[in-house]
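Trainee: This is the structure, below, for whatever I ask next.
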Amino acid sequence: MEAKATHKYIGTSPRKMRLVVDLIRGKSVDQAIEILHFSPKHSSKDAEKVLRSAVSNLMNKDENNKHEVMDLFVKEAFVNVGPTLKRISPAPMGRAYRIRKRSNHVTVVVATKK
C-alpha cells in the first residue's frame, strides 16, 4: 500500500530543493526523517513536512491495518518546477535587471515494504 503527499508553490528554487530530496529517496521513513531533521539546508524543513504528511496519509488511508513507521520507505520523491515571479531591479545608467524568484512543487510517495 502506498500514499502520496504534495506541497506546491514552495518559495525556494527547484535546484536547491532537489539536493535535499535526493538524500531521502529510497530510504526508510525513520532514516529519512532523521536526515531531514538534522540537515542544515533551509528547504529540508519543507521536505520533512511533506514526508510526515505522506506517512499520515497512509495511516488515514488504511485505518483497519495499523502500519509501523519502521515498515515504511520512501518509494518516490521528486521536485517539479513551479511558476516563476519576475521582478525588476534598478541597474546603472537607467537600465533594469530582471530578478527571477523561482518556486517548486515537492511530491513524496511512501509505501510499505511488504
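The values are calculated or read from the model by the stated rules, or taken from the named source; none is laboratory data. Because the structure is a prediction, the values reported are computed rather than measured. Cβ atoms come from the backbone with ideal geometry, glycine included; neighbour counts cover every protein chain shown.
Trainee: Only residues that are within 21 Å of Arg100 (Cβ to Cβ), of a type in the set (D, E, K, R) and touching a strand residue (DSSP E or B) at 6+ places or on another chain (Cβ under 6 Å): list them for the range 1-29, please.
Mentor: Lys8, Arg18, listed by residue number.
Yes or no, residue by residue, for (1) modelled with pLDDT under 95; (2) over 21 Å from Ala5 (Cβ atoms); (3) not small (Gly, Ala, Ser):
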| position | (1), (2), (3) |
| --- | --- |
| Glu76 | no, no, yes |
| Pro83 | no, no, yes |
| Arg87 | no, yes, yes |
| Pro90 | no, yes, yes |
| Gly94 | no, yes, no |
| Tyr97 | no, yes, yes |
| Ser103 | no, no, no |
| Val106 | no, no, yes |
| Thr112 | yes, no, yes |
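Trainee: Could you check the range 36-90 and list, in sequence order, the residues that are charged (D, E, K, R) and touching a residue at least 40 places away in the same chain (Cβ under 8 Å)?
Mentor: From the range 36-90, those charged (D, E, K, R) are 41, 45-46, 48-49, 52, 61-63, 66, 68, 71, 75-76, 86-87; that's our starting set.
Listed by number, the residues that qualify are Asp46, Lys49, Lys61, Asp62, Asp71, Lys75, Glu76.
Trainee: Across the range 76-108, what is the total count of residues that are within 16 Å of Gln31 (Cα to Cα) and surrounded by fewer than 17 Cβ atoms within 10 Å (Cβ to Cβ)?
Mentor: Looking only at the range 76-108, we keep the residues that are within 16 Å of Gln31 (Cα to Cα), and these are 76-77, 108.
Then drop every residue that is not surrounded by fewer than 17 Cβ atoms within 10 Å (Cβ to Cβ), which leaves 76.
Looking only at that region, the number is 1.
Trainee: Let me ask another. Looking only at residues in the range 10-27 that are of a type in the set (Val, Ile, Thr) and not in a helix (DSSP H, G or I), which one is farthest from the chain's Cα centre (by Cα)? Steps first, please.
Mentor: Restricting attention to the range 10-27, the residues satisfying the condition of being of a type in the set (Val, Ile, Thr) are 10, 12, 20-21, 24.
Filter once more, so that each one left must be not in a helix (DSSP H, G or I): 10, 12.
Working: Ile10: 9, Thr12: 11 Å.
Applying the filter and picking the extreme gives Thr12.
Trainee: Still on this model: When you scan the range 46-64, do you find a residue that is out of contact with any strand residue (DSSP E or B) (no Cβ under 9 Å at 6 or more places or on another chain), at pLDDT below 95, polar (S, T, N, Q) and surrounded by fewer than 17 Cβ atoms within 10 Å (Cβ to Cβ), even just one? First the steps, then the outcome.
Mentor: Narrowing the range 46-64 to residues out of contact with any strand residue (DSSP E or B) (no Cβ under 9 Å at 6 or more places or on another chain): 48, 63-64.
Among the residues that remain, those that are also at pLDDT below 95 are: 63-64.
If we keep only those that are polar (S, T, N, Q) as well, we get 64.
So of that shortlist, the ones also surrounded by fewer than 17 Cβ atoms within 10 Å (Cβ to Cβ) come out as 64.
Yes.
Trainee: Evaluate the following for Asp30: is it under 16 Å from Thr107 (Cβ atoms) and part of a helix (DSSP H, G or I)? Show your work before the answer.
Mentor: Details: under 16 Å from Thr107 (Cβ atoms): no; part of a helix (DSSP H, G or I): yes.
Here the answer is no, as Asp30 does not meet what is asked.
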